[in-house]
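Before any comments, here is the structure.
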Amino acid sequence: MVAGQDSTSRFNEIYNSTHKEVLTYVTAKCGNTADIQDIVQETYMELYTLLEKRGVDYVRNGKALVLRLAKQKLYRYYSLLERLRMFVPMTVTNGEGVESALSDLEADAFLTEVFSADQILLDEVRAFIRQKPAEVKKVFYLFYDVGLTIPETAKALSMSESKVKHKLYRTLKELRALFQGKEADPQ
């Protein structure tokens, strides 16, 4: 830390050195991929608030503090969610009387570069990924959106590299088979 540093500079320093690790940690621990960005954002908002209130000298180990804040945010978020489930039904019913879980409403952060040729096709791919188990969603999120390598993804999710590869390649194979020939016709 530099003497005379202001809270914004210190925040940027901590953010730049910890963001990827915090994002990876939250992704690995998060029950719903749609919540990841919110929890990470709340973590860093809390960090900035602490720096503003207590000053830059309060933070000695930025990484440890941010990871502790992320852990607290995850705990609070999911304990609140569990309490809300007692009072609010966590399903929605469409016009045909079919119920679907609210947790199926996932973030659209997957596959932004890989399948960007056509927005309709991209929406279909996202819908397909949302139907996959949570582990597959996390693998895709960490690999494509966060940009982790297969070994980094495996470590973050406490899986073997072969399991990560299997989930990734098997789902890509399913996507190719399902969407082959569906590219938009140039009209």
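The values are calculated or read from the model by the stated rules, or taken from the named source; none is laboratory data. Nothing here was measured: the structure is a model prediction, and the numbers come from that model. Because the Cβ atoms are built from the backbone with ideal geometry, glycine has one as well, and the counts that use them run over all protein chains shown. Quick note on the areas: whole protein, heavy atoms, side chains included, nothing else; ligands and nucleic acids left out. Shrake-Rupley method; radii C 1.70, N 1.55, O 1.52, S 1.80 Å.
Would you tally the residues in the range 40-62 being touching a helix residue (DSSP H, G or I) at 6+ places or on another chain (Cβ under 6 Å) and either more than 14 Å from residue 18 (Cβ to Cβ) or among the polar types (S, T, N, Q) (or both)?
4
If you take the residues in the range 129-170 that are in contact with a Phe, Trp or Tyr (Cβ under 7 Å, 6 or more places away or on another chain) and not hydrophobic (A, V, I, L, M, F, W, C), which one is surrounded by the most Cβ atoms within 10 Å (Cβ to Cβ)?
Residue satisfying both the conditions and the ranking: 153.
Mind telling me which of the residues 176, 170 ends up being basic (Lys, Arg), at pLDDT below 85 and part of a helix (DSSP H, G or I)?
176
Can you tell me which residue is most open to solvent (accessible area, probe 1.4 Å) among those in the range 15-74 that are free of Cβ contacts under 8 Å to residues at least 24 places away in the same chain and outside any helix (DSSP H, G or I)?
Among residues in the range 15-74 that are free of Cβ contacts under 8 Å to residues at least 24 places away in the same chain and outside any helix (DSSP H, G or I), the one most open to solvent (accessible area, probe 1.4 Å) is 60.
Quick grid of which residues meet (1) out of contact with any Gly (no Cβ under 8 Å at 6 or more places or on another chain); (2) at pLDDT 75 or above; (3) of a type outside the set (Lys, Arg):
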residue: 114; (1), (2), (3): yes, no, yes
residue: 119; (1), (2), (3): yes, no, yes
residue: 123; (1), (2), (3): yes, no, yes
residue: 126; (1), (2), (3): yes, yes, no
residue: 130; (1), (2), (3): yes, yes, no
residue: 143; (1), (2), (3): yes, yes, yes
residue: 153; (1), (2), (3): yes, yes, yes
